[in-house]
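The values are calculated or read from the model by the stated rules, or taken from the named source; none is laboratory data. All values derive from a computational prediction rather than experimental measurement. Positions of Cβ are backbone-derived with ideal geometry, glycine not excepted, and every protein chain shown enters the neighbour counts.
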Amino acid sequence: MKRRELFRSLTSSFTGNSKEDVKEESIIRPPYYTELDSFNLCVECEEKKCAISCDENIIFIQEDGTPKLDLTTPTGCTFCDECALACESDVLQVDKMRKIDATIEIDILKCLSWHQTMCFSCKEPCIDNAIDFLGMFRPTINADKCTSCGFCVYRCPSNAITIKGIA
């Protein structure tokens with residue numbers, strides 16, 4: 001058992017939450033589109049190459065045939081462009097890359113670092129260096145740097161980090 005898994009199992013009994021308890025408020029789409037209405041074209045796509053091409057396995061096809069991101073997995077979006085390159089309907093386009101339409105939040109009541117325990121589980125995987133600490137404690141999300149890639153969400157041993165769709 002890895003250290004993070006141990007902390008996660010111990011703290012889940014205190015918080016009463018597990019990763020399965022996390023509910024999405026809205027659908028989080030891949031970051032390569034201009035208009036949400038363009039996802040209506042995905043219904044006609046039979047290949048679903050955007051999901052197949054994702055090396056991180058975070059793109060899932062919903063019942064209505066449109067893609068959504070699941071950023072509660074052990075990985076996150078690397079902005080590798082593969083989903084956009086694979087899209088034959090031009091719904092996803094490389095030149096339309098943007099930040100993911102979601103917000104990342106830290107629940108200070110659940111966060112170990114906000115309770116004087118040294119924990120950098122969220123900072124270590126952050127590819128954008130978007131998590132700032134006040135000294136060794138009190139992490140905050142720097143909204144100017146954060147792309148909402150999701151790498152920090154799963155790594156938090158106390159489930160203090162959540163991602164919520166904007167759209």
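Matching residues to (1) of a type in the set (K, R); (2) touching a Cys at 6+ places or on another chain (Cβ under 8 Å); (3) closer than 19 Å to P31 by Cα:
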{"residue": "L109", "(1), (2), (3)": "no, no, no"}
{"residue": "S113", "(1), (2), (3)": "no, yes, no"}
{"residue": "M118", "(1), (2), (3)": "no, no, no"}
{"residue": "S121", "(1), (2), (3)": "no, yes, no"}
{"residue": "P125", "(1), (2), (3)": "no, yes, no"}
{"residue": "F137", "(1), (2), (3)": "no, no, no"}
{"residue": "D144", "(1), (2), (3)": "no, no, yes"}
{"residue": "C149", "(1), (2), (3)": "no, yes, yes"}
{"residue": "V153", "(1), (2), (3)": "no, no, yes"}
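Only a single item in (1) in the same structural domain as S53 (by TED's automatic domain parsing); (2) modelled with pLDDT under 95; (3) over 17 Å from the mean Cα position of the chain (by Cα) is not met by T75, and it is number (3). Based on this model, can you work out whether P139 counts as in contact with a helix residue (DSSP H, G or I) (Cβ under 7 Å, 6 or more places away or on another chain), within 20 Å of C77 (Cβ to Cβ) and not aromatic (F, W, Y)? Considered against the rule, which asks whether it is in contact with a helix residue (DSSP H, G or I) (Cβ under 7 Å, 6 or more places away or on another chain), within 20 Å of C77 (Cβ to Cβ) and not aromatic (F, W, Y), P139 comes out as no.
From the list C126, C146, which residue is within 22 Å of T78 (Cα to Cα) and touching a helix residue (DSSP H, G or I) at 6+ places or on another chain (Cβ under 6 Å)? Just one listed residue meets the conditions, C126.
For E46, state whether it is modelled with pLDDT under 90 and over 28 Å from P157 (Cα atoms). Yes; evaluated as a whole, the condition is true for this residue.
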